[in-house]
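Engineer: Below are the structure tokens for one structure; questions will follow.
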Amino acid sequence: MEAAERVDAVFRSRFGSAPALLVRSPGRVNLIGEHTDYNEGFVLPMAIDRAVWIALRARPGREVVAVSLDFAEEKAFDLDALHHSEAGWLEYVKGTAWALGQAGHRLAGWEGVLTGDVPIGAGLSSSAALEMASARAFAAASGLAWDPVAMARLARRAENEWVGVGCGIMDPLIVGSGREGHAVLIDCRSLEMRPAPLPPGTAVAVLDTSTRRELTGSAYNERRAQCEEAARRLGVKALRDVTPASLEARGGGLSDVVRRRARHIVTENARTLEAAAAMAAGDARRLGGLMSESHLSMRDDFEISTPALDAMVECAQAASGCHGARMTGGGFGGCVVALVDEAAAPAFLDAVGGRYRERTGLTPSLYLCRPQAGTSVAVRRE
Ligand code: GLA
């Protein structure tokens, strides 16, 4: 049974009649532009055909009652008494309610059933998918206007201040503003977005190493602090304001580590802009080449790759039909993204799976992803 049918069916049996609304909120994969978002730079992600689903209806009063099919639990909270409980999926729903409340929105309660097929902790933004799904559910139940950019800011606030992860704006923004058939070039300073079509005849493969990040929180925050230090020492607001040439000329006063961190960011911004131009020109070879260069920069300068990620990138690059590959997301585990010829894609996945297993002894999950529209809600009619 499809996810939408499953949440619908469980809603009927648990809450006694049909749900009024069905929310779908996709995960995302980033083609290029890693760790550039909190440096006010450029990213080029796409929303994917894996998502979080919520079947729901508004309920009188101020309570939210939610059933998670994936965790096989039912939980509830009171919008007038929001407080942290043990970590888990409900904290993302609650954190979103908190951020909406902080922004002055008066929320209605709802009852709903959730499921999702965005792998958790794989770097495909299952948490932003759930936060934006929750925001869409609250907005629909409470009669609020839906502005995906404003909601993405609130979802980031939920993640930063309620969940306690210092992430940037990329994930909720692309989750809310994805475009079918396209990646989206996002300027993380102005939040201007420009759709970028996949080159004709290509497909995007997501290659999950089946390793999960560990200690990312601290490593992520450390990278962030190093970037901020570089910007401070270079006398700019953010590393967005530094070009590769000016870093070359003025980076002498930085420590070796901080200079390499800054070099990743400034070269990654340049690569991301060039990648968007390559997409506009339909140039798969150039786009793939930039993705592979990005991986080296993350491996050597930003140091967020792992042996499993490097092995997967090498297996992908060696397989026929591959234009380029890189680790994607925050790093330290999770997925590689590859640009491949559509016609060669099934053979590519077979070859990569075999090689990766042989090399690492691990069993990966490999799949093609199609770019999808962002978070949406459908009104259900009986
Ligand atoms: C995580 C964060 C994003 C971004 C990426 C790295 O996914 O949530 O904001 O910083 O890492 O590009």
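The values are calculated or read from the model by the stated rules, or taken from the named source; none is laboratory data. Remember, predicted model here, so these are calculated numbers, not experimental data. For neighbour counting, all protein chains shown are included, and Cβ atoms are generated from backbone atoms with ideal geometry for every residue, glycine included. Quick note on the areas: whole protein, heavy atoms, side chains included, nothing else; ligands and nucleic acids left out. Shrake-Rupley method; radii C 1.70, N 1.55, O 1.52, S 1.80 Å.
Engineer: Failed condition for Ala150, given (1) in contact with a helix residue (DSSP H, G or I) (Cβ under 7 Å, 6 or more places away or on another chain); (2) open to solvent by 10 Å² or more (accessible area, probe 1.4 Å); (3) of a type outside the set (Asp, Glu), with all others met?
Structural biologist: (1)
Engineer: Could you please find all residues in the range 331-353 being of a type outside the set (A, V, I, L, M) and in contact with a helix residue (DSSP H, G or I) (Cβ under 9 Å, 6 or more places away or on another chain)?
Structural biologist: Across the range 331-353, the qualifying residues are Gly331, Phe332, Gly333, Gly334, Cys335, Asp341, Phe348, Gly353.
Engineer: Among the candidates Ala238, Ala245, which residue alone is of a type in the set (A, V, I, L, M) and open to solvent by less than 60 Å² (accessible area, probe 1.4 Å)?
Structural biologist: Going through Ala238, Ala245 in turn, the sole match is Ala238.
Engineer: Only residues in the range 347-369 that are free of Cβ contacts under 8 Å to residues at least 40 places away in the same chain and more than 18 Å from Gly334 (Cβ to Cβ) count as the first member; pair them with residues that are open to solvent by 60 Å² or more (accessible area, probe 1.4 Å) and among the small types (Gly, Ala, Ser), Cβ under 8 angstrom, at least 6 apart or cross-chain, and list the lot.
Structural biologist: Ala347/Ser320; Ala351/Ser320
Engineer: Could you check Ser85 against (1) free of Cβ contacts under 8 Å to residues at least 12 places away in the same chain; (2) in contact with a Cys (Cβ under 7 Å, 6 or more places away or on another chain) and say which number it fails?
Structural biologist: The single condition Ser85 does not satisfy is (2).
Engineer: Any residue in the range 117-141 that's among the basic types (Lys, Arg): show its pairings with residues that are surrounded by fewer than 24 Cβ atoms within 10 Å (Cβ to Cβ) at Cβ separation under 9 Å, as long as the two are six or more apart or on different chains.
Structural biologist: Arg136/Leu21; Arg136/Arg24; Arg136/Trp146; Arg136/Ser376; Arg136/Val377
Engineer: Determine if the range 4-26 includes at least one residue that is within 16 Å of the ligand (Cβ to nearest atom), under 21 Å from Lys94 (Cα atoms) and not hydrophobic (A, V, I, L, M, F, W, C).
Structural biologist: yes
Engineer: Can you name the residue in the range 328-382 that is among the hydrophobic types (A, V, I, L, M, F, W, C) and within 30 Å of Pro19 (Cα to Cα) and is also modelled with the lowest pLDDT among such residues?
Structural biologist: Looking at residues that are among the hydrophobic types (A, V, I, L, M, F, W, C) and within 30 Å of Pro19 (Cα to Cα), I get Val379.
Engineer: For the subset of the range 330-348 comprising residues that are of a type outside the set (A, V, I, L, M) and more than 16 Å from the ligand (Cβ to nearest atom), which member is surrounded by the most Cβ atoms within 10 Å (Cβ to Cβ)?
Structural biologist: For the range 330-348, the residue satisfying everything is Phe348.
Engineer: Under 25 Å from Ile174 (Cβ atoms) and either open to solvent by less than 10 Å² (accessible area, probe 1.4 Å) or assigned to a strand (DSSP E or B) (or both): does that describe Leu22?
Structural biologist: The answer is yes for Leu22.
Matching residues to (1) assigned to a strand (DSSP E or B); (2) within 14 Å of the ligand (Cβ to nearest atom); (3) more than 30 Å from Arg357 (Cα to Cα); (4) among the hydroxyl-bearing types (Ser, Thr, Tyr):
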site: Met151; (1), (2), (3), (4): no, no, yes, no
site: Ser190; (1), (2), (3), (4): no, no, yes, yes
site: Ala196; (1), (2), (3), (4): yes, no, yes, no
site: Ala203; (1), (2), (3), (4): yes, no, no, no
site: Ala219; (1), (2), (3), (4): no, yes, no, no
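Engineer: Looking only at the range 269-292, decide whether some residue is assigned to a helix (DSSP H, G or I), open to solvent by 10 Å² or more (accessible area, probe 1.4 Å) and under 30 Å from Gly361 (Cβ atoms).
Structural biologist: Yes; the residues of the range 269-292 include at least one that is assigned to a helix (DSSP H, G or I), open to solvent by 10 Å² or more (accessible area, probe 1.4 Å) and under 30 Å from Gly361 (Cβ atoms).
Engineer: Looking at Ala230 and the list (1) within 14 Å of the ligand (Cβ to nearest atom); (2) touching a Leu at 6+ places or on another chain (Cβ under 9 Å); (3) free of Cβ contacts under 8 Å to residues at least 60 places away in the same chain, which single condition is not satisfied?
Structural biologist: (1)
Engineer: Related question: Test of understanding: among Gly178, Gly143, which residue is away from the ligand (no atom under 16 Å from the Cβ) and at pLDDT 95 or above?
Structural biologist: After applying the criteria, what remains is Gly143.
Engineer: Moving to a separate point now. Under the condition of being under 15 Å from the mean Cα position of the chain (by Cα) and among the basic types (Lys, Arg), which residue from the range 152-171 is farthest from Gly123 (Cα to Cα)?
Structural biologist: Arg153
Engineer: Looking only at strands (runs of 3 or more DSSP E) that lie completely in the range 35-131, which have at least 1 residues being away from the ligand (no atom under 16 Å from the Cβ) and open to solvent by less than 10 Å² (accessible area, probe 1.4 Å)?
Structural biologist: 45-59, 63-68, 109-116
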